[in-house]
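The values are calculated or read from the model by the stated rules, or taken from the named source; none is laboratory data. Predicted model only: the values in this text are computed from it and were never measured. Cβ atoms come from the backbone with ideal geometry, glycine included; neighbour counts cover every protein chain shown.
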Amino acid sequence: MQTKNIMIVGVGGQGSLLASKLLGHLLLTKGYDVKVSEVHGMSQRGGSVVTYVRYGDKVASPIIDKGEADFIVSFEPLEAARWLSYLKKDGQIVTNIHGIDPMPVITGAAEYPENIVDRIKEKGVKTDALDCLEIAQEAGSAKAVNVVLLGRLSHYFDFEESEWMEALEACVPAKFLEMNKKAFEMGAKA
Amino acid sequence: MKELMLGNKAVARGLYEAGVCFVSSYPGTPSTEITEEAVKYDEIYCEWAPNEKVALEAAFGASLAGLRSFSGMKHVGLNVAADPLYTMSYTGVNAGLVIGVADDAGMHSSQNEQDSRRHAIGAKVPMLEPSDSAEALEFAKLAYELSEEYDTPVLLKMCTRVAHSQSVVERSDRSEHKKEYKKDPGKYSMSPANAIRRHPIIEERMRKLAQYAETAPVNRVEYSDDTSLGIITSSTSYQYVKEVFGDSVCVLKLGMAYPLPENLIKTFASKVDRLVVVEELEPIIEDFCKGLGLEVSGKDIFPICGEFSQGLVAQTLGKEVAEGPSLEVEIPGRPPIMCAGCPHRGLFFSLKKKDCTVIGDIGCYTLGGAPPLGMMDMTLCMGASVSAIHGFNRARELKGTEEEKKKNVVAVIGDSTFMHSGMTGLANIAYNMTDSTVIILDNSITGMTGHQQNPTTGYNIKGDPAGKIDLEALCRAMGFNRVTVVDPYDLAAVEKALDAELSAKEPSVIISRRPCALLKYVKHDPPLSVSADKCKSCKSCMKIGCPAISMKEGKAVIDRTQCTGCKVCKQLCPFDAIEG
């Protein structure tokens, strides 16, 4: 099979590392060759963060380039817009709609674009948008936005729910497991 | 069993399997996780050293004593460790000694994008260069074999995309190694007389290693039926080449960055119509090819700045590249920022109020240079703030105008960076006497690289109690009479200290002390809130650039999920509108 590409984009500190770890674990157990590329260090301090997950028969490059992503999983709508040019023709966006103002917006040097998700949809891009923060809080923690999004993403894969749950069990500390399972299920059903 | 593993973790696994017993490193993105993962093996003693030079020298000592040793650092860290490296090349090793160095093409988290291969060539030390996690593991092990067989330290070169990418590896068992120490000053004590005898031995070693490179399994030719294009490449660039071309072109994949295999390259070149080198940063393989008289393309078509990608390789070599959708909307940037509750924020706000020239350093506080604070005049390298303020102030004394002499100047440096190489600069201030004010931003951790302990924190790499250097006592012992400790959450206290020390006619140190707000043991106060009735929309609270505060419908609003209750903003509100 041709290599499939998933980009996870968001704001440093939103938990993209757990999302990529979980996807990597799941895809490897499904027998694929997998590469995951992460961002550590300076960029994690509230900056724009991107993680690449690639899988297939044999994966060479660890990163995803413009026009290549089958999925952009976005923790924050502005970040979906920022990385939009990386989406493949007919690619799918799965995004949280809860925005976080970047510093240039906070200081008044720039404006947060209005109706950003609608603007992406107007381009004919397949966009699945949901308020992950609200769902995560209902599930028990605002920090579970990442797992809510993964739950939603699971719609687009043929994997069994039990396989996703196994990956959750392998990647999430035991004391947060139940909350995360709930967040995943709520995301999947949203 | 196959598993996904981060490149740096795979290096650590390689160290374990190679029987390494001693690791001494200084954290630096993208190298840090090698040591953080190595410490998880009980068989490997690990430590954070105060800087890379100390780390490498400690590793050398352990090698001398007979244990396989390792030192990890980022590219600029190898500059700090270059002094021992260049002479360690002469002494060679007892037990295997490997230096892991991680380059950062694209400068994701660095102040330059130098190419560490230049150090391998300069120091006459072999360098291996893996292109994924499986190679990172295997090359780490091979490095110890080469180190002991050829009596040399070996450089293992990572880069951001190999260090911070996960790919599939398989584990093997550990093998144990220990060597006896035998006194041999002719080999290990580099007085001129001994070093003169050693230099030709090193030249001979490099000739032998160049021979080894000709048939080394890490240098691999992948021929294709189509010989119109031949690409020589290494590291992550190899992966981009394979992504674009698969098996449709001939590829010479070099796992050994130095020394390079002359005959292997010549033979490869003779079998292809067009020879292209695909390498990030410096034209090292390319220049070597040119030195052999080969006609080759490299930096004439590929950039020397920044990192590569499959798209860049495809475009440069005439293949089609995909394009994605785009919006006709200006997307505001999202630069990294100081976190909500960051203790550095209040200090930088006070420096701005005093209109200071800020001679800066490397760490989270470099972000104090970003708007709206914008309080960073200079950032060079680890420790440079303390040295440079002395030169700046002395120059003002010598030739400054009256107005220049009145200007407030401070150096800012973090606790870990101060331990790394700020202390020697401080000694210069004490010795050659300028009225410099050095502010140590003591957040009780090495912050930017992700919370590593250091000699001022009182804990070692495992989090166990360890020696603790008393910063105040250290500064006093160096001859500083004026050492003040302030809490950066208390703006009045910070300003009072700045007024006193900036006007003092002698050198001074201000220690701005408050643990990083992200540390697990730091308990946050309840989040604050803004009374919409009292808020007069003056935006005073916006001047500190806290990500938890924004203006919504003309009033300041505090995001409760981000606010740590530090109350710095509260001290700025002229209308007591911030409550909690």
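For the stretch B:416-433, which positions are in a helix (DSSP H, G or I) and touching a Pro at 6+ places or on another chain (Cβ under 9 Å)?
B:Ser416, B:Met419, B:His420, B:Ser421, B:Met423, B:Leu426, B:Ile429, B:Ala430 - these are the residues of the stretch B:416-433 that are in a helix (DSSP H, G or I) and touching a Pro at 6+ places or on another chain (Cβ under 9 Å).
Give A:Gly24, A:Gly31 a once-over and let me know the one that is modelled with pLDDT of 90 or more, part of a loop (DSSP other than H, G, I, E, B) and within 19 Å of A:Glu166 (Cα to Cα).
Answer to the check: A:Gly31.
Hey, A:Glu114 hits all of (1) more than 7 Å from chain B (Cβ to nearest Cβ); (2) within 16 Å of the chain's Cα centre (by Cα); (3) under 30 Å from B:Ala556 (Cα atoms) but one; which does it fall short on?
Status for A:Glu114: all satisfied but (2).
Quick check, is A:Tyr55 more than 9 Å from chain B (Cβ to nearest Cβ), surrounded by fewer than 24 Cβ atoms within 10 Å (Cβ to Cβ) and not charged (D, E, K, R)?
yes
Those residues that are under 16 Å from the mean Cα position of the chain (by Cα) and surrounded by 23 or more Cβ atoms within 10 Å (Cβ to Cβ), I need them from the stretch A:87-103; list them, please.
Once the filter is applied, which keeps residues that are under 16 Å from the mean Cα position of the chain (by Cα) and surrounded by 23 or more Cβ atoms within 10 Å (Cβ to Cβ), the stretch A:87-103 yields A:Leu87, A:Ile93, A:Val94, A:Thr95, A:Asn96, A:Ile100.
For the stretch B:80-111, name all the residues that are of a type outside the set (Ser, Thr, Tyr), surrounded by fewer than 22 Cβ atoms within 10 Å (Cβ to Cβ) and away from every other protein chain (no Cβ under 14 Å).
B:Ala82, B:Asp83, B:Gly92
Return the only residue of B:Met382, B:Met448 being over 20 Å from B:Val509 (Cα atoms) and crowded, with 21+ Cβ neighbours inside 10 Å.
Going through B:Met382, B:Met448 in turn, the sole match is B:Met448.
Suppose the filter is of a type in the set (Ser, Thr, Tyr), crowded, with 17+ Cβ neighbours inside 10 Å and under 22 Å from B:Ala500 (Cβ atoms); does B:Ser416 pass it? Can you show your working first?
Values: of a type in the set (Ser, Thr, Tyr): yes; crowded, with 17+ Cβ neighbours inside 10 Å: yes; under 22 Å from B:Ala500 (Cβ atoms): no.
No: the conditions fail for B:Ser416.
For the stretch B:1-98, which helices (runs of 4 or more DSSP H) that fit wholly inside it have 3 or more residues that are closer than 27 Å to B:Asp132 by Cβ, outside the structural domain of B:Ser421 (by TED's automatic domain parsing) and at pLDDT 95 or above? Give the steps one after another, and end with the answer.
Values: elements: B:7-17, B:32-38, B:52-64, B:75-80, B:82-91.
The helices (runs of 4 or more DSSP H) meeting that bar are B:7-17, B:32-38, B:52-64, B:75-80.
Quick one: how many residues across the stretch B:295-318 are surrounded by 13 or more Cβ atoms within 10 Å (Cβ to Cβ) and of a type in the set (D, E, K, R)?
Residues in the stretch B:295-318 being surrounded by 13 or more Cβ atoms within 10 Å (Cβ to Cβ) and of a type in the set (D, E, K, R): 2 in total.
So for the stretch B:356-372 (the condition being surrounded by fewer than 16 Cβ atoms within 10 Å (Cβ to Cβ), facing chain A (nearest Cβ under 7 Å) and more than 20 Å from A:Ile63 (Cβ to Cβ)), does at least one residue qualify? Working first, answer last.
The initial filter retains those residues of the stretch B:356-372 that are surrounded by fewer than 16 Cβ atoms within 10 Å (Cβ to Cβ), namely B:371.
Remaining after also requiring facing chain A (nearest Cβ under 7 Å): B:371.
When the remaining residues are screened for being more than 20 Å from A:Ile63 (Cβ to Cβ), the result is B:371.
For the stretch B:356-372, residues surrounded by fewer than 16 Cβ atoms within 10 Å (Cβ to Cβ), facing chain A (nearest Cβ under 7 Å) and more than 20 Å from A:Ile63 (Cβ to Cβ): present.
Scanning for something without any contact (Cβ under 8 Å) to a residue 40 or more places away in the chain, within 23 Å of B:Thr456 (Cβ to Cβ), in a loop (DSSP other than H, G, I, E, B) and under 34 Å from the mean Cα position of the chain (by Cα), does the stretch B:500-508 turn up at least one residue? Write out each step before concluding.
Pass one, the stretch B:500-508, residues without any contact (Cβ under 8 Å) to a residue 40 or more places away in the chain: B:500, B:503.
From the residues that got through so far, the ones that are within 23 Å of B:Thr456 (Cβ to Cβ) too are none.
No; the residues of the stretch B:500-508 include none that is without any contact (Cβ under 8 Å) to a residue 40 or more places away in the chain, within 23 Å of B:Thr456 (Cβ to Cβ), in a loop (DSSP other than H, G, I, E, B) and under 34 Å from the mean Cα position of the chain (by Cα).
Need a quick list: strands (runs of 3 or more DSSP E) entirely within the stretch B:165-243 having at least 2 residues that are within 30 Å of A:Lys35 (Cβ to Cβ), within 14 Å of chain A (Cβ to nearest Cβ) and touching a helix residue (DSSP H, G or I) at 6+ places or on another chain (Cβ under 6 Å). Spell out the reasoning first.
Working: elements: B:165-170, B:219-222, B:229-233.
In the stretch B:165-243, B:165-170, B:229-233 are the strands (runs of 3 or more DSSP E) which contain 2 or more residues that are within 30 Å of A:Lys35 (Cβ to Cβ), within 14 Å of chain A (Cβ to nearest Cβ) and touching a helix residue (DSSP H, G or I) at 6+ places or on another chain (Cβ under 6 Å).
Can you tell me which of A:Ala60, A:Ala81 is facing another protein chain (nearest Cβ under 7 Å), surrounded by 21 or more Cβ atoms within 10 Å (Cβ to Cβ), of a type in the set (A, V, I, L, M) and within 23 Å of B:Val241 (Cα to Cα)?
Criteria check complete, one pass: A:Ala60.
How many of the residues making up the stretch A:124-161 are over 17 Å from the mean Cα position of the chain (by Cα) and without any contact (Cβ under 8 Å) to a residue 24 or more places away in the chain?
4
Can you tell me how many residues within the stretch B:333-355 are part of a loop (DSSP other than H, G, I, E, B) and surrounded by fewer than 18 Cβ atoms within 10 Å (Cβ to Cβ)?
Residues in the stretch B:333-355 being part of a loop (DSSP other than H, G, I, E, B) and surrounded by fewer than 18 Cβ atoms within 10 Å (Cβ to Cβ): 4 in total.
Under 7 Å between Cβ atoms, at least 6 apart or on separate chains: pull out the pairs that start in the stretch B:529-543 with a residue that is closer than 20 Å to B:Phe349 by Cα and end on any residue that is of a type outside the set (A, V, I, L, M) and assigned to a strand (DSSP E or B).
B:Ser537/B:Lys555
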